[in-house]
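The structure under discussion appears below in the form of structure tokens.
Readers should treat all values here as calculations from the given coordinates under stated rules, not as data from a laboratory. Quick caveat, the model's predicted, so the values are computed rather than measured. With ideal geometry, Cβ positions are generated from the backbone for all residues, glycine too; neighbour counts draw on all protein chains shown.
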Amino acid sequence: MTSAGVQDVNVTVSQTYNVTNATDTSHQSMSETPLLLYQLFGKLICSFGIVCNVINLCVLAQKELYESPYVYLIALAFSDVTFLLLSLIHLLSYTNPAAGFFSYFNAYAFFVGGNICFNISVWLIVFITLERMTFVLWPLKFKPSRSKAFVAILLIVSFCTIINIPRVFCLRVGQTKKGYTIRSLPFRGSKQFYYLSWFQSVIINFIPNLILIVTNTILIKTIRKAAMERVNLRSNQSEASRQDERRLTRMLIAIVIVFFICTIPSAFSDDPISYALIGAPKGRTWIEHLNSPGNTIQLYVNNILLYLNSSLNFVLYCAFNRKFRKATQHLFQRLKSSVRKSNARHQDHNMSSITTSTVVHNNTTCVITALQKIDSKF
């Protein structure tokens, strides 16, 4: 398989972060509206997700959340916020794709780093679910620990980084009279990269999804059994502690369900899979299929779902985990107290700082009130 010439490319996200010829004039009129919608919703979702994941990091760092699952969730929040930040910068690059910074960023930081971050998030969810399943099934034999979680996170990060190193050799940034462009290198159109893409699809799509289906089924059955028979997840724990464990398990189940909804469409449209199902039967080459208008629009939809997947964890934590809600309330109460003290110190100073502090104070009050209302219903 030889590489087709690709000019004026934009890097778009998918689980394998394909390079698409979105600015090709032959497709411009067809892809202009989908592209504008993609940029609009993508920027909104990424911005929302970045804020939520920053809050996640602040809350999960509280001493109340010391158990090993929360160590994984800290790593997940860091991976998600990095992924969303890279994606947001990529979306902003559409305003000036010929700029040198955006070209190098898209070709290397986004195309390589975005893959690494998303792959890390996938396997973190797998490891969290596996740990929870073993804890629920064998509570006396298996004892999770923060040290085990740190070792697992290190292995995940190392593995996901290694399998994405070949992407460095896929793209090249060149300079023309109109500015900078990203071009595919021969490796990206080679059989070696095609086989590598299949390997990554198996590692990032098939195996994790299979594991999550099995573990989630076991967790759901265990939760139902505990609810019907009032069987304690751990007989030597207090009632409050058992309630926290069950809520944590339900929260992880919710995370996996949202993960399925947001990533399954992208899994079936991953590069090698979509090429085998759509591109090859139409007689297209590997690069022709990646740059086709239909594949581009499909990627836009899948990307929005991936952005949502990385943005909704804070909502899920608050909805299903009372311990997380309490830690969030404590964090915002401390922030509210600090703002109140700051107002008292600066009440004789300029009004702009007081107005800003008042806005922060009112917003924190709204968050605390909302969390208290959620607590009253669960």
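A few comments on the model shown:
- Violating pairs (Cα-Cα greater than 25 angstrom) within the set 43/148; 63/143; 143/221; 43/326; 43/63; 143/225: 43/148; 43/326; 43/63
- Area projected by the alpha carbon convex hull of the range 104-211, averaged over all directions, nm²: 8.2
- The calculated P(r) of the range 113-159, using every Cα pair and 10 Å bins from 0, goes 26, 48, 22, 5 in percent.
- Peptides 140-148, 163-171, ordered by how many other C-beta atoms sit within 10 Å of their residues on average, highest first, read 163-171, 140-148.
- The range 185-218-the range 287-310 distance, computed between alpha-carbon centres (Å): 17
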